[in-house]
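Trainee: Below is one structure. I have some questions about it.
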Amino acid sequence: PDFWLDPRDLGDIEQNLDSIEQLLSSAHNLMGWNQVRTDFGFRGGGQTVAVIDSGVAYDHWALGGGFGTGYRVVGGWDFSEENDANPYDDGPEGSHGTHVAGIIGNSSSTNPGVAPDVDLVALRVFNDAGEGYFSWMERALQWVYTNRNAFANPITAINLSIGTSWNSASIPSWAMLEDEFLALKNAGVFIAVSAGNSFSSYNEPGLSYPAASPHVVPVMSVDDSGSMSTYSQRHTRAIGAPGRFITSTVPDYAGNHNGVTDDFAGKSGTSMAAPYVAGASVLIRQAMQFVGYTNITQDTIYNHMMATANTFWDAATQTNYKRLNLGNAIDALIPNDEFGSTVATAYNMGAIGPNAQLSGMFNTLSDADYFRFTAGTTGTMSFAAHLSHGQTASWLATGLNGWTSGPGGQTYNFDVVAGQTYTLGMSATGLANYTLQITTESSVGFVDWGTITHKQINNNSQSGENWYRVQTSQAGYLTAEAFYSGSSVSIDWFSTAMQQVATGASVAGGKRV
């Protein structure tokens with residue numbers, strides 16, 4: 001049978017933008033989104049989310065202003081009676097899909113979506129009168145599976161802010177979407193579904209359908225305070241996210257009717273919470289990819305969300321539930337800083353010979369790594385940084401002047417004196433893994449003494465450095481002594497590779513090594 005679906009929220013709350021704008025900001029603070037953006041800069045680029053709903057007003061400036069290649073809404077289809085390639089969110093009973101799309105990824109500076117750089121696909125399964133059917137949604141899910149890799153950025157998530165009259169932990173006998181859900185889940189696609197808004201009708205835990213499917217992620221609505229929204233259906237398998245008084249994009253006919261699609265409005269419901277989690281899944285996947293995860297699945301992301309979520313108490317059902325904490329989720333994925341971020345906490349590399357290498361990560365946007373080292377060779381030292389994600393290195397150094405950089409090379413060169421200690425700092429404008437290769441080209445001129453068993457030079461006067469190269473005649477101890485008058489003398493041995501192997505100790509009237 002083909003069942004009618006409800007795209008709207010029971011008791012949707014429309015309010016003046018000024019009265020709820022702060023609540024959206026508070027929602028982002030509650031989820032840790034603002035800190036994620038400040039620390040890591042993840043914005044969802046490189047992925048696409050499919051919005052299966054009433055369509056999307058893709059001409060809204062905060063959703064990219066157009067449709068198709070080169071725009072944010074990169075494609076889609078209208079599966080209602082129109083059955084064409086134009087999935088626009090028409091009135092009079094529309095606006096729901098546009099609002100949902102904006103929560104996922106609108107690019108407004110004052111009311112931004114969770115993943116403002118993500119691409120979107122609009123799949124319309126409700127007609128102008130707000131009527132929708134399972135058969136339309138089934139075709140939309142099949143379309144996503146077929147086209148999941150058809151765009152420049154793959155479809156990694158689906159949002160279904162859709163519900164039916166159902167409240168259970170299991171699916172109804174008339175469920176007809178399970179094959180599609182399982183196929184998409186097995187393909188690694190994250191499916192966020194609204195839990196339903198009919199708790200007052202049931203007054204016990206349970207989920208609407210399709211949220212009750214074991215192959216999707218059900219999403220409950222929480223208020224600005226973090227507590228369960230009174231209308232939200234709920235279950236311990238679901239995760240909570242902001243769903244009340246959410247400001248997002250709407251078509252012009254649902255705004256000020258001035259002929260320009262630039263409007264925002266507030267709505268409440270689990271329909272608003274589901275896209276928040278869909279957008280969060282994009283950022284979590286992005287962070288997982290950055291740190292090297294492979295074969296990321298819905299379960300990979302969902303289990304991580306639940307493991308890092310906040311627990312909160314619901315008095316109505318006397319049960320603890322989980323609420324998304326995006327800040328915790330991202331923090332738990334990004335490794336701690338391996339190297340000191342200031343001159344005072346610089347990582348001590350010890351003595352560096354002519355060649356050395358180390359690897360590290362800039363794990364926040366403000367991270368800088370500092371290294372302290374002792375030059376083992378007098379000459380020109382070159383630091384070459386190979387950074388991931390298209391980043392370019394910037395350099396700081398104590399007591400040194402000048403720097404150079406360039407694509408691929410990104411090198412910093414300076415002169416060093418063997419035995420002297422230096423501190424170097426490196427940073428980038430974004431998160432990146434890096435490999436630092438260090439080479440030193442010696443500038444030392446040698447006096448070659450050849451093979452010796454014993455040699456003595458008397459009455460030698462000098463200032464600055466003198467270098468002498470010797471070939472030993474036999475195995476054993478090799479000793480050099482310098483006896484002097486006037487200023488102090490230092491004396492050191494270096495290997496053929498110009499690595500310092502020993503430094504002189506004071507003896508009566510001189511130094512010995």
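Trainee: What does DSSP give for region 189-304 in terms of the percent of beta bridges that are antiparallel, rounded to the nearest 5?
Mentor: Given both bridge residues lie in region 189-304, the antiparallel proportion sits at roughly 50 percent.
Trainee: Identify all lysines with a Cα-Cα distance to LYS267 below 27 Å; exclude those on the same chain that are fewer than 8 residues away in sequence.
Mentor: LYS322
Trainee: On to the next question. So what are the chain's ellipsoid semi-axes, whole angstrom, largest first, if each one is the square root of 5 times an eigenvalue of the alpha-carbon gyration tensor?
Mentor: Value: 66, 22, 20 Å, ordered largest first.
Trainee: Between TRP174 and ASP415, what FRET efficiency follows from the Cβ-Cβ distance if R0 is 56 Å, with the result rounded to 0.05?
Mentor: 0.10
Trainee: Moving to a separate point now. How about LYS455: which lysines have a C-alpha closer than 25 Å to its C-alpha, ignoring those fewer than 8 places off in the same chain?
Mentor: Straight-distance partners of LYS455: LYS511.
Trainee: Can you tell me the FRET efficiency between ASN258 and PHE312 if r is taken as the Cβ-Cβ distance and R0 is 30 Å, rounded to the nearest 0.05?
Mentor: Efficiency for this residue pair is about 0.15.
Trainee: Need one number: nm distance between label points at SER485 and GLU93, each 7 Å from Cα along Cα→Cβ, rounded to one decimal.
Mentor: So the two model labels end up 10.9 nm from each other.
Trainee: Here's another thing I want to ask about it. Enumerate by residue number the chymotrypsin sites (Phe, Trp or Tyr not before Pro) in region 451-513 meeting two conditions: DSSP loop (anything except H, G, I, E, B), and at most 12 other Cβ atoms within 10 Å of the site's Cβ.
Mentor: TYR477
Trainee: Let me see the pair-distance distribution of region 28-172: every alpha carbon pair, 5 Å bin width, integer percents in order.
Mentor: Calculated P(r), rounded to whole percents: 2, 10, 20, 21, 19, 14, 9, 5, 1, 0.
Trainee: Tell me, what is the per residue accessible area of region 221-260 in Å², probe radius 1.4 Å?
Mentor: Ligands and nucleic acids excluded, the figure is 33 Å² per residue.
Trainee: Is it possible to state the helix-based mean residue ellipticity at 222 nm for the chain, with each DSSP H run of 4+ residues giving -39500 (n - 2.57), the sum divided by total residues, to the nearest 500 deg cm²/dmol? What is it?
Mentor: -6000 deg cm²/dmol
Trainee: Could you give log10 I(q)/I(0) at q = 0.13, 0.30 Å⁻¹ for region 137-181, computed by the Debye formula over C-alpha point scatterers of equal weight, without solvent?
Mentor: -0.38, -1.23
Trainee: Additional query: Which loop chymotrypsin sites (Phe, Trp or Tyr not before Pro) in region 69-113, with loop taken from DSSP, have no more than 16 other Cβ atoms within 10 angstrom of their Cβ?
Mentor: Of the chymotrypsin sites (Phe, Trp or Tyr not before Pro), the ones in loops of region 69-113 whose Cβ has at most 16 other Cβ atoms within 10 Å are TYR71.
Trainee: While we're here: Regarding region 202-356, what whole-number volume in Å³ per residue does the convex hull of its Cα atoms give?
Mentor: Dividing the Cα hull volume of region 202-356 by its residue count gives 219 Å³.
Trainee: Could you tally the net charge around SER107, taking each other residue with its Cβ under 11 Å from the Cβ of SER107, Lys/Arg +1 and Asp/Glu -1?
Mentor: +1
Trainee: How much of the accessible area of region 417-481, probe 1.4 Å, is carbon plus sulfur, in whole percent?
Mentor: 41 percent
Trainee: Would you work out the charge dipole size for the chain about its Cα centre, treating the Cβ of every Lys and Arg as +1 and the Cβ of every Asp and Glu as -1, and quote it to the nearest 20 debye?
Mentor: 2460 debye
Trainee: Name the helices (complete DSSP H segments) of the chain with a Cα length along the long axis of 24 Å or more and a Kyte-Doolittle mean of at least -1.0, or state none.
Mentor: Taking the DSSP H segments of the chain (at least 24 Å long, mean hydropathy at least -1.0), we get 270-290.
Trainee: In addition: Would you please classify the overall shape of region 137-293 from the alpha carbon gyration tensor, given that a ≥ b ≥ c denote the square roots of the eigenvalues, rounded means a/c under 1.5, and beyond that prolate means a/b larger than b/c while oblate covers the rest?
Mentor: rounded
Trainee: State, as an integer percentage, the relative contact order of region 259-347 based on alpha-carbon contacts under 8 Å between residues 6 or more apart.
Mentor: Over region 259-347, the number comes to 22 percent.
Trainee: Quote the relative contact order of the chain in percent (integer), defining contacts as alpha-carbon pairs under 8 Å separated by 6+ residues.
Mentor: Relative CO of the chain lands at 13 percent.
Trainee: What FRET efficiency would be calculated for the residue pair ARG512, VAL291, taking the C-beta separation as r and a Förster radius of 41 Å, to the nearest 0.05?
Mentor: Approximately 0.20, to the nearest 0.05.
Trainee: Let me ask something else. Could you pull the accessible area for LEU326 with a 1.4 Å probe, rounded to 10 Å²?
Mentor: Roughly 0 Å² of LEU326 is accessible to a 1.4 Å probe.
Trainee: Sticking with this one: Considering only protein heavy atoms and a probe of 1.4 Å, how much of the accessible area of region 307-368 is carbon and sulfur, as a whole percent?
Mentor: Ligands and nucleic acids excluded, carbon and sulfur reach 48 percent.
Trainee: When only DSSP loop residues count, what chymotrypsin sites (Phe, Trp or Tyr not before Pro) in region 149-219 have their Cβ near at most 13 other Cβ atoms within 10 Å?
Mentor: Loop-located and lightly packed - TRP174.
Trainee: If you count only protein heavy atoms and use a 1.4 Å probe, how large is the accessible surface of MET361, to the nearest 10 Å²?
Mentor: My reading of the accessible area for MET361 is about 20 Å².
Trainee: Follow-up question, since we're still on this one. Using every Cα-Cα pair within region 210-301, state what percent have a distance larger than 18 Å.
Mentor: The answer is 57 percent, as a whole percent.
Trainee: Test of understanding: what is the full-extension gain from THR146 to SER463, defined as 0.36 nm times their sequence separation minus their Cα-Cα distance?
Mentor: Residue separation times 0.36 nm, minus the Cα-Cα distance, leaves 106.3 nm.
Trainee: Taking a ≥ b ≥ c as the square roots of the eigenvalues of the Cα gyration tensor of region 314-423, is the shape rounded (a/c under 1.5), prolate (a/b larger than b/c) or oblate?
Mentor: Taking the square roots of the gyration eigenvalues as a ≥ b ≥ c, region 314-423 is prolate.
Trainee: With a 1.4 Å probe and every protein chain kept in, tell me what percent of the accessible surface of region 137-186 is carbon plus sulfur.
Mentor: Carbon and sulfur: 47 percent of the exposed surface of region 137-186.
Trainee: Can you tell me the accessible area per residue over region 336-390, all protein chains present, probe 1.4 angstrom, in square angstrom?
Mentor: For region 336-390, the per-residue accessible area is 42 Å².
Trainee: Using a 1.4 Å probe, how large is the accessible area of HIS215, given in Å² and rounded to the nearest 10?
Mentor: 40 Å²
The values are calculated or read from the model by the stated rules, or taken from the named source; none is laboratory data. The shown structure was predicted, so the numbers you read here are calculated from the model rather than taken from an experiment. As a convention, Cβ positions derive from the backbone with ideal geometry for all residues, glycine included, and neighbour counts pool all protein chains shown. These accessible areas exclude ligands, DNA and RNA; they are computed on the full protein's heavy atoms, side chains included. Shrake-Rupley method; radii C 1.70, N 1.55, O 1.52, S 1.80 Å.
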